[in-house]
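The values are calculated or read from the model by the stated rules, or taken from the named source; none is laboratory data. For clarity, every value in this text was computed on a predicted model and none was experimentally measured. Every residue, glycine as well, gets a Cβ built from its backbone with ideal geometry; the counts of neighbours run over all protein chains shown. For the accessible areas, the whole protein counts, side chains as well, though only heavy atoms, and no ligand, DNA or RNA atoms are used. Shrake-Rupley method; radii C 1.70, N 1.55, O 1.52, S 1.80 Å.
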Amino acid sequence: TTVSTVTVAPITGNTTVCVGNTTQLSDVTPGGTWISSNTSRATVSSTGLVTAIRSTGGGVTITYRVTNGCGTVSTSRFVTINSTPIAFIFYFGGPFCQNGGTATVFQLGQAGGTYSSTTGLAINSSTGAINLGTSTPGTYTVTYTFSNGSCTKTTTANVTINACGGRSSGQSQSVNPKQPVLEAQTLQATAYPNP
């Protein structure tokens, strides 16, 4: 029986991936198996799909190995794993009134991102501030897109704007004459916004 000497083509595909994402590697040589040098950093499926788990150590070596009666031959590529940025956004004080001025975003984590939403919400793409007066009442999802230079990610926050009615000019209260008379006390209040 004569068996051909094993030859393996080079691995192709994108060899840079972000934590939590995947990248597809390929090899035109049939019948091989895929191996990851460190499965705690990244795993590789039987079809060459690499899933990044953590960026400690910078990455992993992915090997494609073919074996026949003449021996075993393999080829490898180093896959770089980049850390994923983290950020969160909040709009405190909602739901908001349309006549409430400006809703300011509270942002944690990776800075320098951009804000966006659907039509009807007047939002500053750089600061995330919402102009309530020029926005249409409704519930919106604000998306914050951010990057650390290697990986890009998004986070969201919901914002509700109501068409609030006018202010009440006063309140009425029923007085029971059988109750003891209470000493009048001063009430101090601040109306916001003014006007």
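If DNA, RNA and ligands are ignored and the probe is 1.4 Å, what is the ranking of L49, L121, L187 by accessible area, most exposed first? Kindly include the intermediate steps, with their values, before the conclusion.
On the way: L49 65, L121 20, L187 150 Å².
Descending order: L187, L49, L121.
Dimensions of region 30-101 based on its C-alpha atoms, expressed as ranges along the principal axes with the largest first, amount to 80, 24, 15 Å. Quick one: if the Förster radius is 25 Å, what FRET efficiency do F88 and T61 give, using the C-beta to C-beta distance and rounding to 0.05? The computed FRET efficiency comes out at 0.10. The stretch between S26 and T154, if pulled fully straight at 0.36 nm per residue, gains 43.2 nm over its current Cα-Cα span.
If R0 is 41 Å, the Cβ-Cβ spacing of S40 and T136 corresponds to a FRET efficiency of close to 0.25.
Please work out the FRET efficiency for the pair T16 and N68, using the Cβ-Cβ distance as r and a Förster radius of 35 Å; give the result to the nearest 0.05. The partial results should precede the final answer.
Numbers: r = 32 Å, r/R0 = 0.92.
Efficiency, from the Cβ-Cβ distance: 0.60.
Once all protein chains are placed together, Y91 keeps about 30 Å² accessible to a 1.4 angstrom probe. Placing dummy labels 7 Å off each Cα toward the beta-carbon, the span from L49 to T114 is 3.0 nm.
Need the full-extension length gain, N99 to N124, defined as separation in residues times 0.36 nm minus the C-alpha distance. One decimal, nm. Mind dumping the intermediate values first?
On the way: separation 25, 0.36 × 25 = 9.00 nm, distance 1.76 nm.
Gain on extension, N99 to N124, equals 7.2 nm.
The phi torsions of region 81-90, fed into the Karplus equation with coefficients 6.51, -1.76 and 1.60 and a -60° offset, translate into couplings of 10, 9, 6, 9, x, 10, 7, 9, 10, 9 Hz, rounded to whole numbers, with Gly and Pro shown as x.
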